[in-house]
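Laboratory data are not the source of any read-out in this text; all were calculated from the coordinates shown. As the structure is a prediction and not an experimental result, all values here were calculated from the model. For neighbour counting, all protein chains shown are included, and Cβ atoms are generated from backbone atoms with ideal geometry for every residue, glycine included.
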Amino acid sequence: MAIRNILVVDDSPTDLQYLTDMLVKNGYQVSAAESAEDGLAKARQLKPDLVLMDIVMPGQNGFQATRALTKDDATKHIPVIICTSKGQETDKVWGLRQGAKDYIVKPINQADLLAKISALG
């Protein structure tokens with residue numbers, strides 16, 4: 001399945017804008033959510049091909065949201081790539097155990113992210 005529609009979930013307006021601009025310039029359609037709760041609702045509504053999930057957010061964190069997405073019958077088919085500033089190996093292992101397909105540490109390298117997206121598609 002080719003990935004065309006991506007939902008970016010990040011509470012940082014700067015990171016959200018950076019990711020959106022990068023993805024749009026590379027031919028993807030992008031939707032944005034500024035909280036985990038909003039991201040879960042938009043994932044259920046929009047059925048994106050991929051979710052890019054931040055971890056550190058107010059309210060529900062990205063680990064919790066990833067787990068919720070991958071356990072919900074309506075969204076469990078949507079792959080999640082975690083994009084976060086949390087770079088410890090334990091964070092990465094925990095993120096993958098929550099159901100994420102991949103994990104990338106900020107600052108995000110465009111070539112790395114695009115390669116990870118292509119690998120999923």
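Pick from 64, 45, 98: which is most flexible by mean-square fluctuation in a GNM of the chain where alpha carbon atoms under 10 Å apart are linked?
Comparing 64, 45, 98 in the GNM, the peak value goes to 45.
Can you tell which of 46, 69, 16 shows the greatest fluctuation in a Gaussian network model of the chain with Cα springs below 10 Å?
Highest fluctuation among the options: 46.
How do 22, 57 rank when sorted from fewest to most other Cβ atoms within 10 Å of their own Cβ?
22, 57
How high is the relative contact order of the chain, in percent, counting Cα pairs under 8 Å that sit 6 or more residues apart?
Reported relative contact order: 23 percent.
Given a 10 angstrom Cα cut-off, can you work out which residue in 70, 14, 84 is the most mobile in a GNM of the chain?
Greatest mean-square fluctuation among the candidates belongs to 14.
Taking only the C-alpha atoms, wrap a convex hull around the chain and report its volume per residue in Å³ as a whole number.
Cα convex hull per residue, to the nearest whole number: 88 Å³.
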